[in-house]
Each structure stands twice: as C-alpha cells, then as structure tokens.
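Here's the structure we're looking at; comments come further down.
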Amino acid sequence: MKFVLPRRPLSWMLLAGSLGCAVLGLWLVRHYPVQPVAACALWTAIAVGSFLGWRVLPLLVPALVPVIGFAPWTGWITFEELDLLVLAVAAGGYAALAITQPARKAVPWRYRTLRWRAAVRVLIAVFALSAFIAVWRGFEHFGGVQFGFWQGFQEPMNSLRAGKSFFLVLLLLPLWQKASDLRPSSVTRLSRAAWVIVLVATSLGALWERWIYTGLLNFSTDYRTTSLFWEMNVGGASLDGALALSLPFAMLWALRERRPLRFVAALAVLLLAFYASITTFSRGVYLAVPAGLALCALLWVAQRREDQDTAGDGSMPAGTNPDRVPLGWAVGVIVGTAAAAWVLFGAGGYRALLALAGSVAVLIAMPATRASWPRGQHRTLLLLAPLPAVLLAVGGGLLIDVVPKAAYVIDGVTVLFGLALAWRWRGGLTQPTQAFVLAMLWMASLAATALVAVQWGNGREGGVIALVLAVLAALWIVTQWSPQVGADLRSAGWRVRGLVWTGSLLMCAVVASLGGGAYIGQRMSTGQQDFEGRLEHWRVGLGLLKTMDGWLLGQGSGRFPASFANGGPFEERVGDYRLNAPRTEAAASALPGAEPAPGPTVTLTSGLHQMGNGEMFRLSQRVPAVSGEVAATVRLRTQFKTRLRVEVCEKFLLYPLRCVDKEAEIQPMNGAWQSVDLKLGQAPEDFGGPSWAPRRLVASVTQNWRGGVLEIASVGIVDSVHGPLLSNGDFTEGLARWYFSSDRYHMPFHMKSLPAHVLFEQGLFGLALWSGLLVTVLVRLTFGAGRRHPLAPAVVGGLVAFGVVGLFDSLIDAPRIAFLFYAMLALGLGLRAPSRRPRGSGGDDSGHGLETVLPEMDSDFEGAPEVRRAMKAAGVKLKGPAR
C-alpha cells in the first residue's frame with residue numbers, strides 16, 4: 001500500500017466523506033447504551049480494518065447484518081449497530097481511496113463486471129431524492145424534527161429509522177465499484193459468500209430457537225420462528241425476507257460447485273435453510289422459496305446453454321455432459337419418495353422417514369452399466385432381486401420382536417453396505433453379479449425401511465407399508481426392464497444425484513411438518529379468511545392517504561403506525577410508550593394530590609383492542625438469571641383505573657414458555673404517586689434452562705386492561721438469590737436496555753404489503769421509481785447485459801422470492817431487511833458480463849465458478865484503437881503510441 005497526497009478534487013471529496021462518516025460514527029458510538037468505551041474501540045478497529053481491507057470488507061457487510069441487531073439488550077431502535085458498521089466501513093474505505101494508491105491497476109473497462117450505467121445512476125439518484133423527501137415529510141407530519149435516542153414507532157425519529165437503509169447502501173456503492181475495477185472476480189466470490197453467510201446465520205438462529213424453545217420436530221405448537229431478527233417484536237416477516245433473498249445463492253452454489261466436500265456443504269446449507277423456511281409457518285415463504293429457486297435454476301440452465309453455444313458444438317460431445325439433468329427420472333424419484341413418505345410417516349414416524357431417505361440414497365448412488373449382457377439374463381436377475389429382500393423382511397420381522405432396536409441395525413447395515421459397494425464400483429458395472437447385488441441391496445433397504453416403520457409403530461398398518469414399498473420396488477423393476485430406459489439417472493453426474501437426493505429429503509421434511517403437527521394445516525385452512533382480512537387492512541391503510549400530495553408523495557417514511565393509531569379504527573389502536581423528561585413543576589391538570597415527577601418517567605398505554613395474554617403491549621428487559629422468590633415494586637401514577645401486570649418469563653422474543661407473574665388492580669388515587677408491591681412467586685429450579693442450552697429470561701411490565709394509561713417512575717424486580725435483576729429501572733439512562741413487544745397483535749404496526757407500503761410512504765411517484773428499479777434489475781439480468789454474469793440467476797431468484805413474500809407483508813419497514821433488499825437491488829443494477837470471454841474458457845461451467853479469471857491491464861487488448869479512444873475520453877493516461 002502506497003500513501004499519496006490527495007491532489008484531485010475527487011480525492012478531496014473522498015477524504016471529506018471519510019471524515020464526515022468518522023465524525024458521525026464516533027458521535028453515535030459515544031452514545032451507545034452498553035459499554036460505550038469498548039464500542040468505540042471496536043468501531044475504530046473496524047474502520048482501520050476497512051482502511052487496510054477496503055477491497056474485501058465492504059462487499060462482506062451484508063453477511064454481518066443478521067448478527068448485529070442487539071436492540072433487546074441495548075434499547076436502541078432509531079440508531080443501531082448496522083449504522084455504526086456501515087459508517088466505520090465507509091470511513092476507512094474512503095480514507096484508503098483518498099490517500100493510498102492501489103498496488104495493481106484497474107482492468108480494462110470491457111472486463112469490469114460491476115458498473116452502473118448513466119441511466120441507472122439517474123434512476124438511483126431520483127429514487128434517493130424520493131426517499132429523502134419521504135423522510136422529510138415524515139418529520140413534517142410529526143411537527144418537525146425532534147431529535148431523541150429513545151423514541152418509539154409513533155414518534156418523529158421513526159421516520160429516520162425507517163428511511164435510512166437505502167442511504168446506507170449508497171455509502172457502500174463507490175467502494176464496491178473501486179474494488180470491482182481492480183479485481184472483478186471479487187464481486188462474484190465475496191458477494192456470493194456474503195449472501196450464503198446471511199442464509200447460514202439466519203437458519204442457524206432459527207434452528208437454535210426451535211431446539212431450545214419448542215423442540216426440533218415439534219410442528220404442532222403455535223410458535224412462529226423469529227431467529228435473529230428483533231424487528232419481529234411487533235410481528236412482520238423479517239425472517240421470511242432474509243430467507244427469500246439468500247436461499248437462491250445457496251442453490252447457485254450447489255449447482256456450480258465441483259468439489260465434493262464443498263458440494264456436500266452446499267447441500268447441508270440448503271437443507272438447513274429449508275428447515276428454517278418450514279418453521280416460519282408462512283404461506284408466503286412456502287410460495288416464494290420454490291418460485292425463487294426454480295427461477296434461479298432455469299436461468300442457470302439458460303446461462304449454460306448460451307455458454308455452450310458460444311463455445312461451439314465441439315466443446316462437449318453429445319450425451320456426455322455429466323451435469324445434464326434427467327428431469328423425468330428426477331421428478332419420478334422425488335414424487336415416489338413423497339408418496340411413500342406420506343404413508344410411512346403415519347405408522348413409522350420420523351425414523352421411518354430417515355430409513356426411506358437412506359433407501360433412496362442407495363437407489364441414486366447406483367453406478368451406470370459399462371458392459372452389456374443378454375437381455376434374458378438381465379431380466380432374470382431383476383426378478384430374483386426381491387427374493388432376498390422378502391427373506392430379510394420375514395426374518396427381521398421375527399427378530400425385532402426379540403431384539404430391541406434390531407430394525408434400526410438392519411437398516412443401517414443394509415444402507416451402508418449398499419452405499420459402500422456403489423462407491424467401490426463407481427466407475428461402472430461390468431459384471432451381471434454387480435448389478436444383481438446392488439439391486440438386491442436396494443430391495444433389502446426397502447424391506448429394512450418397512451421393519452423400522454413396523455417396529456416403531458408396534459405393527460400398526462404393516463400391510464399398507466408393505467404394499468407401498470412393494471409398489472415402489474415393482475415400479476423400479478418395470479423401469480429397468482429395458483437397460484437403455486433405466487440408464488439416465490445412473491449416468492448422471494454426482495452433483496445431479498446429490499440434488500435429487502436433497503429434493504427427496506426435502507419431501508420427507510415437508511411430509512413430516514404436515515403430518516407431524518396440526519399448525520401448518522390450521523394456517524392453510526384459514527388462508528381465505530386471512531386474505532380477506534388483508535384486503536380490509538389495505539383498504540383502511542390506503543384510506544389514510546386523504547390529500548393529493550399524500551397520494552403523490554406519500555405520508556412519509558415510518559408514518560404508518562402513528563397514522564393508523566390516529567386515523568384507523570378506534571377499536572384496533574395499539575399500546576405505546578413515551579419517555580418523559582424530568583419535570584419539577586406540578587401536573588398541568590392540577591388534580592388534588594398531583595405531584596411533580598422527580599426524574600424521567602415512562603408513559604405506558606395499552607391498546608383498545610380485545611385483550612389477552614398475547615395481545616398486551618409490553619415494556620421488557622433481558623435479565624441474566626432468576627432464582628428463589630421473586631418480587632417486584634413499581635412506582636407509578638394514573639388518572640384512570642387499570643390493571644398492572646409484572647412478569648418474568650422464559651422467552652426468546654415473542655412467545656413465553658414458563659413465567660412467574662402477578663397482576664394487581666390500580667386505582668387512580670387522584671393522580672398521586674403510589675408504590676405497588678407484587679409477589680411474583682417462586683421461580684422453578686431450572687428456570688432459564690441448563691447452562692449448555694439456556695433460555696432467555698425476560699422481565700416485562702404491561703397492562704391487562706383496555707385503554708389503560710400509566711406513568712411509571714421506576715420498576716424494580718428482585719429475587720432472593722441474586723438481588724436486583726433490572727438495570728436502569730429508574731430510567732435515568734433513558735430507555736437503555738428496555739425494549740417493547742406485542743406478541744400476537746401486529747396488524748396496526750405494518751401495512752402488510754410491500755407495494756402498498758412504498759405507496760403509503762413515498763406516494764405514486766416513489767412507487768413508480770421503486771418499481772422501475774426492480775423491473776430494471778429483473779430485465780437486465782434475465783435478458784440484458786447482465787444475464788451471463790455468474791450471480792445473475794441468484795439475484796433474480798432472490799428478488800422475485802422477496803417480492804412474492806412482499807405481496808402479503810411490508811418487509812422493508814424493518815431497517816436491516818430493507819438494507820439487505822436494497823443492497824441486492826443495487827448489486828443487480830450494476831452487474832454485467834465482460835464483453836469478451838477470457839482466453840481458455842471452455843463450454844463447461846468454469847466461467848461461473850467461485851473465481852472469475854479476467855486478463856490484467858497490460859495486455860494487447862489495451863492497444864486497440866477503440867479502447868484507447870474510450871480511455872482517453874475517460875481521462876485515463878495512455879502508455880505509448882497507438883499501434
């Protein structure tokens with residue numbers, strides 16, 4: 001790295017931008033609610049890391065988005081860790097661009113794979129103006145800018161919270177551009193890695209939550225996963241949006257990966273993400289994920305065909321492509337697996353499905369036949385193959401009554417032996433005995449599957465199980481009756497087989513989720529009713545746009561919760577909270593007994609809707625451990641009768657498990673301050689779970705009363721072992737460490753439609769610009785200049801899947817999800833394929849691998865007259881005369 005003095009105006013602009021980001025970032029981090037000194041040190045380290053690694057770190061920012069939301073611990077919602085991260089990366093990166101000179105030159109412009117054309121830049125700039133106007137109008141409708149760190153969804157700073165994400169993405173685009181100019185392959189490599197990390201982090205968060213709070217295989221409990229997205233504290237679909245955006249990148253990884261271990265890792269990521277998708281119990285996700293993955297796969301196939309056409313007909317002999325997908329066979333195997341799984345699960349449960357998956361693995365692993373033998377011999381061996389399986393079923397049936405778990409041992413040995421022989425003969429079957437042994441083991445694995453189902457189900461529905469598996473075996477024999485007919489799947493490459501097996505395993509998972517719990521069925525059965533409710537909600541929400549400028553420019557970003565609370569149906573208004581500054585004067589009402597507030601207070605209101613345990617508006621704080629007797633003291637005042645509730649619960653974000661709680665009726669007492677003491681009871685011995693799998697403990701104060709209003713001066717919760725449990729219980733540090741939630745009453749917080757949300761906040765002009773950006777990306781990556789870029793299929797699939805989820809949810813009213821969406825949108829707007837193919841690239845998938853090989857600057861191509869003219873027009877210094 002070579003340091004230089006900034007001489008050009010652009011360098012001074014970059015340096016000014018770096019200083020501006022640094023000043024703003026350090027000012028924000030100084031106000032960080034938890035350990036500000038440590039936070040400042042970490043922020044500085046990230047900025048220095050970005051200065052040294054500006055070619056890498058900006059492209060990896062999306063990867064960190066799922067894991068840097070700490071609002072339930074800090075209480076920050078207007079500003080958050082994402083803002084600090086982007087400002088640190090921008091400060092370091094812009095400084096590096098301003099005062100350092102790269103060690104390598106930029107590649108020729110024709111080989112650059114990330115470039116925003118002039119028309120696209122204009123469209124981005126106009127949309128940025130629309131977003132800025134939306135933020136400004138949001139402040140105006142609140143009565144002007146009223147700065148504060150602790151404002152809620154119905155206060156002015158919510159406009160900044162909801163509208164900042166697009167501008168955070170814009171801060172990173174110059175760094176993406178410069179990094180791509182120096183090494184175009186970094187866009188492909190780092191962007192795909194970042195989005196796969198987004199998927200892995202999101203899915204692991206969902207897996208952890210299900211394991212700790214419901215059990216991995218519990219699909220009956222009314223519990224929808226939230227993973228790492230605290231923004232779902234009032235509902236929404238943040239998890240759904242993250243999965244929809246990132247899943248196609250894992251699919252693309254699996255389609256293009258040629259190294260076996262990494263291919264297995266890609267399949268594992270896909271299965272993990274499929275599990276997370278199932279546990280959302282979201283009908284939008286169930287539509288979006290297949291649509292996004294299918295579109296990604298289709299565009300990948302189109303890319304490959306175009307590459308092969310460009311490379312010429314002789315690049316790959318006909319019929320020798322190992323990545324050719326035998327579509328009929330693949331669909332047949334997956335559908336047959338689904339049908340068998342549906343029958344087996346009712347009798348054999350999850351163990352039977354695992355056994356079936358092993359049997360399918362043996363089938364898919366069968367090698368191709370590399371020699372021919374008489375057709376009569378081939379058919380005789382096929383007819384003899386079921387006989388050992390029948391003997392195994394009879395003998396095993398007698399054995400499982402005597403030896404516990406014998407069926408599992410038989411199945412495991414059979415499957416492992418079949419897979420071992422398939423691997424041993426992976427080069428091809430050259431002897432009839434090899435084909436007979438593998439066919440026999442495949443039939444035996446079906447018999448072992450039946451034994452597992454019968455032993456687990458205590459013999460229930462044994463006849464039906466035997467019939468279904470016998471039909472599968474018979475169908476397979478029919479397909480193999482002619483050696484040429486059954487050779488397609490066995491001749492496919494190992495990647496195709498792995499994907500087919502993954503699809504079969506996914507079918508087993510879908511059957512398990514449908515058959516293992518009633519909640520999915522309940523969600524599906526209420527689809528029509530919920531859709532009608534959505535239509536009514538959209539009608540009411542758009543009815544809040546009452547003026548022409550509201551329809552054209554929108555109400556402003558972050559305005560929907562406040563607009564709905566003030567202008568929506570009276571009986572649907574939700575609770576809220578406000579932090580009040582210390583007041584030394586008496587209350588304005590001058591009621592008898594009214595006293596001034598000695599310090600900061602919080603006004604907590606409850607909604608006007610029907611109350612229940614899941615509908616209460618809670619003000620909460622995470623606590624580390626609770627043991628022994630638990631008691632609470634709340635100092636408050638009210639002018640109306642209400643009912644106070646204090647609780648400590650095992651709770652991830654929304655749904656409580658075990659609680660210690662207490663309620664008490666509160667009388668007005670003429671608005672005077674009063675202390676309310678509550679005995680919450682004895683905490684269970686294992687409250688919070690074991691140390692190796694802890695459940696989060698959340699203390700909350702709320703009102704179980706419609707239309708209640710409380711002004712709270714302090715909240716204290718103690719137990720007999722640890723003493724005081726709460727931090728900042730008197731609100732002297734604002735709302736640090738406090739956050740809010742509404743477990744099941746969510747509609748008034750969201751527009752519940754992505755297009756309607758953009759229309760409400762930015763008006764018809766903003767919606768037209770937003771739609772124009774989205775359509776531009778989809779068109780240019782499907783038919784235009786970017787269609788051959790390696791990331792194009794995943795970007796299109798992710799955006800389409802996100803749009804499908806967005807038909808029924810707002811999504812971008814959560815800043816982190818909005819950042820991910822706009823980051824992918826901006827990436828798609830700039831992606832383009834090089835004008836020429838790199839030398840030595842064939843017709844295979846090598847041009848779409850993890851690394852894109854592109855020529856360096858000092859090549860003969862630079863001497864081309866048209867290139868020199870373009871470089872001269874761009875202000876690039878030319879070396880030597882034109883040849």
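The values are calculated or read from the model by the stated rules, or taken from the named source; none is laboratory data. Keep in mind the model is a prediction, meaning the values are calculated, not measured. Glycine gets a Cβ as well: all are built from the backbone with ideal geometry, and neighbour counts include every protein chain shown. All accessible areas refer to the heavy atoms of the entire protein, side chains included, with ligands and DNA or RNA removed. Shrake-Rupley method; radii C 1.70, N 1.55, O 1.52, S 1.80 Å.
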Counting only residues that are over 19 Å from residue 576 (Cα atoms), of a type outside the set (Lys, Arg) and crowded, with 21+ Cβ neighbours inside 10 Å, how many does the range 140-164 have?
1
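One line per residue, one yes/no per condition, for (1) open to solvent by 30 Å² or more (accessible area, probe 1.4 Å); (2) within 38 Å of the chain's Cα centre (by Cα):
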| residue | (1), (2) |
| --- | --- |
| 602 | no, yes |
| 606 | no, yes |
| 609 | no, yes |
| 612 | no, yes |
| 617 | no, yes |
| 625 | yes, yes |
| 633 | yes, no |
| 637 | no, no |
Residues in the range 675-691: is at least one under 24 Å from residue 597 (Cβ atoms), at pLDDT below 95 and buried (at least 18 other Cβ atoms within 10 Å of the Cβ)?
no
Restricting to the range 20-76, count the residues that are in contact with a Lys or Arg (Cβ under 8 Å, 6 or more places away or on another chain), in a helix (DSSP H, G or I) and hydrophobic (A, V, I, L, M, F, W, C).
3
Could you please find all residues in the range 529-542 being farther than 13 Å from residue 808 by Cβ and not charged (D, E, K, R)?
529, 540, 541, 542
Of the residues that make up the range 29-36, is at least one over 21 Å from residue 727 (Cβ atoms), of a type in the set (Lys, Arg) and in contact with a helix residue (DSSP H, G or I) (Cβ under 8 Å, 6 or more places away or on another chain)?
no
Pull out all pairs, ordered by first then second residue, where Cβ-Cβ is under 6 Å, the residues are six or more apart or on different chains, the first lies in the range 757-776 and is under 14 Å from residue 802 (Cβ atoms), and the second is of a type in the set (Val, Ile, Thr) and buried (at least 19 other Cβ atoms within 10 Å of the Cβ).
770/758
Give the number of residues within the range 149-168 that are assigned to a helix (DSSP H, G or I) and more than 21 Å from residue 566 (Cβ to Cβ).
4
Checking 142, 147 in turn, the sole residue that is of a type in the set (A, V, I, L, M, F, W, C) and over 17 Å from residue 554 (Cα atoms) turns out to be 147
Which of the helices (runs of 4 or more DSSP H) found entirely inside the range 485-583 contain at least 2 residues meeting this: open to solvent by less than 70 Å² (accessible area, probe 1.4 Å) and of a type in the set (Lys, Arg)?
494-515
Tell me which residues, restricted to the range 340-373, are within 14 Å of residue 448 (Cβ to Cβ) and either among the β-branched types (Val, Ile, Thr) or surrounded by fewer than 23 Cβ atoms within 10 Å (Cβ to Cβ) (or both).
351, 354, 357, 358, 360, 361, 362
Would you tally the residues in the range 15-66 being open to solvent by less than 30 Å² (accessible area, probe 1.4 Å), farther than 30 Å from residue 621 by Cβ and either in contact with a strand residue (DSSP E or B) (Cβ under 6 Å, 6 or more places away or on another chain) or of a type in the set (A, V, I, L, M) (or both)?
3
Taking the stated definitions as given, is residue 668 closer than 30 Å to residue 583 by Cα, surrounded by fewer than 19 Cβ atoms within 10 Å (Cβ to Cβ) and more than 32 Å from the chain's Cα centre (by Cα)?
yes
Taking only the range 213-228 into account, find how many residues are more than 21 Å from residue 71 (Cα to Cα) and either touching a helix residue (DSSP H, G or I) at 6+ places or on another chain (Cβ under 7 Å) or touching a residue at least 12 places away in the same chain (Cβ under 8 Å) (or both).
8
Do any residues in the range 166-191 that are under 19 Å from residue 96 (Cα atoms) and open to solvent by less than 10 Å² (accessible area, probe 1.4 Å) have Cβ atoms under 6 Å from those of residues that are of a type in the set (Lys, Arg) and modelled with pLDDT of 90 or more, where the two are at least six apart or on different chains, and which pairs are they?
179/55
All-but-one check, residue 729 against (1) small (Gly, Ala, Ser); (2) open to solvent by less than 10 Å² (accessible area, probe 1.4 Å); (3) farther than 30 Å from residue 550 by Cα, failing number (2)
Leading residue by the ranking (least open to solvent (accessible area, probe 1.4 Å)) among those in the range 379-403 that are closer than 17 Å to residue 460 by Cα and out of contact with any helix residue (DSSP H, G or I) (no Cβ under 6 Å at 6 or more places or on another chain)
397
